[in-house]
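Everything below concerns the one structure shown next.
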Amino acid sequence: MKPVTSLRLKNFTAFEDLDFRPSEGINVLVGSNGTGKTHVMKLIYSLLSYTHFGKQVEEKILGVFLPTPMNLGRLVRRRRGVDNTEVKLTLADKLTVDIEWNSRSKEKAYRKNPIIALALKRKPESVIYIPVKEMLANAPGFQSLFATHEINFEEVYNDIIIHAFRPPRRGVPDDRRKALLDTLRKQMKGVVIKKEETFFLKTSGEGIIEFPLVAEGWRKLGLLWLLIQNQTLSKGSFLFWDEPESNLNPELQRTIANVLLELQRFGVQIFIATHDYTILKWFQLLHEKSDKIRYHAFERIEKNVVVNTTEDYFQIKPNKIAEAFDILYDEAIKKERGTKNK
Amino acid sequence: MTYIESKLEFSFSRASEIQHVENGEFGHGLKNVDFLIREIDEVILLEVKGTSQEVTRYLSDDIVNQLVEKARDTYTYLHLIQDTAKQLTYIALIDFRTKEIDSAMLLRRSDALKAGLRGEKGHSWQIEYIQRAFLVDVENFKKEFPNFEVNRVD
């Protein structure tokens, strides 16, 4: 599929009026908690992926957001009276998903262009959302439980397991893909194997280790390894990753940034939401001139959220992550000054 | 009165007494900081570094080691001239002329400098000869030490 070029939102959750313009490469979403970064990623994911799961777009949105009750109206920006939510996603080839609902809507939205579903079906398996919590360790039995029971898990958790179980494509991976797999293999000191519904890390020194016993950070690398190995992440695919830094030691974040930059060079459009200085800084330090990267700073101004987009790391405004270090540094100086004559 | 050091012009009009130290002035191979600022209740050791060379070098352990060495030798000098009655404050001012340096990096190097100075205590040394240490860029120097004036001269 062609990359996403814009997302227009009116009255959707925290957003009164948003014109989000992503890069066709990497998009780094930053901002305080509650500014809607995850909502933007989940919404784009839902709009791109619903056909893969044989669902209607509304059904997918509800499954991914999981409002209570399961009504679209719950996703309308909250204020008095009845309001309309408008969502318009545009891809580089001008295809759009253009839907609308209001605060009384339950399971149906008004669709302005029903043709999009056909376009999305061209390569439906290539839209990946990696949630904050690692799920492969919980894979045994999860899919069947999810399919048959009303369990309160957002669909992204089930979806990622489905993607991880996909077998590798036929043929030998090309050299660049092999290099990426090798980088990840060295970091987690093994490769991921599957036996029935269980994932294992097959190491050279310690044998085969079941995933629940593997460090959560390494499991995240293992998931990435699987998605590269089975070529789910390939040209024209999309990767959404919420807080890739969680459970990862900062020393591994250089690897993550490098791998994501390389996937972008393959033609994967990437969206990550982060609160982490290290990974943000690694993108700035490692990216090459030809790389396509945009930083989107989400900021709540009174009851609305606005997004400032820039391609220059130093123009990220506001940069709450860097500001946290300004405060730390100031406090460290203040404390040192306070030691006078003690 | 103003002083030039590493392409920075300083004015310490409110300071009690300024000693702009020449390299080698302490003798006996002792390294020195650039300024000794004697105030009523403390002596400030001010070391100034311009970053004409590669900026990242100024965030390296080598630089921290050099800063520690200068502090130690300056303390030795002060001890030998019997001038250690007051608290010693160490300010390492690095003129990073790049936006690449942010608070996270300054914080890390500042901690490394403090760790280095405390490490000097060693097994047999019984005192922490520097009571307070700051690693700052020009912007933070101006903010934190408003009694001193500093401006770039080029």
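The values are calculated or read from the model by the stated rules, or taken from the named source; none is laboratory data. If you're wondering where the values come from, they're calculated on a predicted model, not measured in any experiment. Every residue, glycine among them, receives a Cβ derived from its backbone with ideal geometry; neighbour counts consider all protein chains shown. These area figures cover heavy atoms from the full protein model, side chains too; ligands, DNA and RNA do not enter into them. Shrake-Rupley method; radii C 1.70, N 1.55, O 1.52, S 1.80 Å.
Restricting the range A:199-249 to GluC sites (Glu not before Pro) that sit in a DSSP loop and have at most 14 other Cβ atoms within 10 Å of their own Cβ leaves A:Glu206.
Rg/Rh, computed from the Cα trace of the range A:16-138 with Rh as the Kirkwood radius, has the value 0.95. Histogrammed with a bin width of 5 Å, the alpha carbon distances of the range B:59-102 distribute as 5, 17, 22, 20, 14, 10, 7, 4, 1 percent, first bin at zero. Largest first, the three principal axis extents of the alpha carbons in the range A:237-281 are 27, 17, 16 Å in whole numbers. The residues of the range B:132-150 occluded by other protein chains by 30 Å² or more of accessible area, set against the chain on its own, are B:Arg132, B:Phe134, B:Glu144; surface from heavy atoms, 1.4 Å probe.
Give, in whole angstrom and from largest to smallest, the semi-axes √(5λ) of the equivalent ellipsoid of the range A:228-342, with λ running over the eigenvalues of the Cα gyration tensor.
Numbers: eigenvalues 210, 66, 33 Å².
Whole-Å semi-axes of the equivalent ellipsoid: 32, 18, 13.
With every protein chain left in place, what is the accessible area per residue of chain A in square angstrom, probe 1.4 Å?
Details: 15780 Å² over 342 residues.
Counting only protein heavy atoms, the per-residue value for chain A is 46 Å².
Largest accessible area first, the residues A:His163, A:His275, B:His79 order themselves as B:His79, A:His275, A:His163 under a 1.4 Å probe with ligands, DNA and RNA left out. With a/c under 1.5 counting as rounded, go ahead and sort the range A:147-190 into rounded, prolate or oblate using the C-alpha gyration tensor (a ≥ b ≥ c being the square roots of the eigenvalues; past the cut-off, prolate if a/b is larger than b/c, else oblate). In terms of gyration-tensor shape, prolate. The residues neighbouring A:Asp182, those whose beta-carbon lies less than 14 Å from its own, together hold a net charge of +3 under the Lys/Arg +1, Asp/Glu -1 convention.
Under 22 Å Cα to Cα from B:Lys142, which lysines show up? Leave out anything in the same chain fewer than 8 places away. Cα-Cα hits under 22 Å: A:Lys334, A:Lys335, A:Lys340, B:Lys7, B:Lys49, B:Lys99, B:Lys114. Accessible surface of the range B:2-152, 1.4 Å probe: 45 percent of it comes from carbon and sulfur atoms. Show log10 I(q)/I(0) for the protein assembly as shown at q = 0.07, 0.09 Å⁻¹, two decimals, from a solvent-free Debye sum over equal Cα scatterers. Normalising to I(0) and taking log10 leaves -0.52, -0.76. Buried accessible surface for the A/B chain pair comes to about 1900 Å², total over both chains, computed with a 1.4 Å probe. Shape class of the range A:1-73 from the alpha-carbon gyration tensor: oblate, with a/c at 1.5 or above and b/c at least as large as a/b.
Rounded to the nearest Hz, the phi-derived 3J(HN,Hα) couplings of the range A:288-295 under the Karplus curve 6.51 cos²θ - 1.76 cosθ + 1.60 (θ = phi - 60°) are 9, 4, 7, 5, 10, 9, 10, 9, where x marks glycine and proline. Rounded to the nearest 20, the Cβ-based charge dipole of the protein assembly as shown about its Cα centre (Lys and Arg +1, Asp and Glu -1) stands at 2260 debye.
Farthest toward the positive end of the dipole of the range B:2-152, out of B:Thr2, B:Gly24, B:Gln131, is the Cα of B:Gln131, where the dipole comes from beta carbon charges about the Cα centre. Amide H contacts of A:Ser23: A:Arg294, each under 5 Å away and 5 or more positions distant or on a separate chain (H built 1.01 Å from N in the peptide plane; Pro and chain starts excluded). Each residue of the range A:208-213 was assigned a 3J(HN,Hα) from its phi angle through the Karplus expression (A = 6.51, B = -1.76, C = 1.60, θ = phi - 60°), giving 9, 10, 5, 4, x, 8 Hz with x at Gly and Pro. What is the range B:2-152's relative contact order, in percent, from Cα pairs under 8 angstrom and six or more apart in sequence? Value for the range B:2-152: 27 percent. The ellipsoid equivalent to the alpha-carbon distribution of the range B:2-152 has semi-axes of 23, 19, 14 angstrom, derived from the gyration tensor eigenvalues as √(5λ) and listed largest first. For chain B, the per residue solvent-accessible surface stands at 50 Å², with DNA, RNA and ligands left out and a 1.4 Å probe.
In percent, rounded to a whole number, the relative contact order of chain A is 23, using alpha-carbon pairs under 8 Å and six or more apart.
With only Cα atoms counted, the range A:186-266 has Rg and Dmax values of 13.0, 37 Å. Dipole magnitude for the range B:2-152: computed about the Cα centre from +1 point charges on Lys and Arg Cβ and -1 point charges on Asp and Glu Cβ, it is near 260 debye.
In straight-distance terms, cross-link reach from A:Lys202 covers every one of the aspartates and glutamates whose alpha-carbon lies under 20 Å from its own, apart from those fewer than eight places away in the same chain; here that gives A:Glu134, A:Asp182, A:Glu210, A:Glu216. Taking a Cβ cut-off of under 14 Å around A:Tyr295, the surrounding Lys, Arg, Asp and Glu residues balance to a net charge of +2, with basic ones at +1 and acidic ones at -1.
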